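Enquirer: This is the structure I want to talk about, given as structure tokens.
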Amino acid sequence: MRRYISSALNVIIQLSRLVDGTRKIVSFQEITGMEGEVVTLQEIFSFTQTGVDKEGKVRGRFTSGGIRPRFVEKLQAYGIPIPHDLFDPGKVYET
């Protein structure tokens, strides 16, 4: 069953409800295959909470794991432009 699931899905997006009551993507992972009976993943982006602002909204940042996912070529084939530096681990996306 795990093998069927790992071959049918490309990504897993994890949402969490944060302390301010909002929901936010906290992890974006690509399914890379199987190792024995274990589905293997690689994290593409993750969210780290850095604090709460004056209005009580969660502040944080998204960072890349530094790995260019395999599905990027498929997106580009469909004409969806992907910036080359999007997966740069030194680049931080603040929220």
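The values are calculated or read from the model by the stated rules, or taken from the named source; none is laboratory data. What you see is a predicted model, and the numbers here were worked out from it, not measured in a lab. FYI the Cβ positions are ideal-geometry reconstructions off the backbone, even for glycines, and counts take in every protein chain you see. Just so you know, the surface numbers come from the protein's heavy atoms only, side chains and all, with ligands and any DNA or RNA stripped out. Shrake-Rupley method; radii C 1.70, N 1.55, O 1.52, S 1.80 Å.
Enquirer: For LEU86, state whether it is hydrophobic (A, V, I, L, M, F, W, C) and part of a strand (DSSP E or B). Explain how you work it out, then say what you get.
Expert: On the way: hydrophobic (A, V, I, L, M, F, W, C): yes; part of a strand (DSSP E or B): no.
Considered against the rule, which asks whether it is hydrophobic (A, V, I, L, M, F, W, C) and part of a strand (DSSP E or B), LEU86 comes out as no.
Enquirer: Something else about it: Out of SER27, SER6, SER64, which single residue is surrounded by 14 or more Cβ atoms within 10 Å (Cβ to Cβ), among the hydroxyl-bearing types (Ser, Thr, Tyr) and farther than 20 Å from VAL92 by Cα?
Expert: Details: SER27 fails: farther than 20 Å from VAL92 by Cα; SER64 fails: farther than 20 Å from VAL92 by Cα.
After ruling out the rest, the residue left standing is SER6.
Enquirer: Determine, yes or no, whether LYS91 is more than 17 Å from the chain's Cα centre (by Cα) and surrounded by 12 or more Cβ atoms within 10 Å (Cβ to Cβ).
Expert: Details: more than 17 Å from the chain's Cα centre (by Cα): no; surrounded by 12 or more Cβ atoms within 10 Å (Cβ to Cβ): yes.
Here the answer is no, as LYS91 does not meet what is asked.
Enquirer: Name the single residue, out of those in region 30-47 being under 12 Å from the mean Cα position of the chain (by Cα) and open to solvent by 50 Å² or more (accessible area, probe 1.4 Å), that is nearest to LEU86 (Cα to Cα).
Expert: Step one: of region 30-47, the residues under 12 Å from the mean Cα position of the chain (by Cα) are 30-31, 41-47.
Next, only the ones that are open to solvent by 50 Å² or more (accessible area, probe 1.4 Å) stay: 41, 43.
Values: LEU41: 19, GLU43: 14 Å.
Ranking the candidates gives GLU43 first.
Enquirer: Can you run down the residue pairs with Cβ atoms below 6 Å, 6 or more apart or on separate chains, where the first is in region 3-20 and touching a residue at least 24 places away in the same chain (Cβ under 8 Å) and the partner is open to solvent by 80 Å² or more (accessible area, probe 1.4 Å)?
Expert: As it stands, the answer is ASP20/LYS57, since those pairs meet every condition given.
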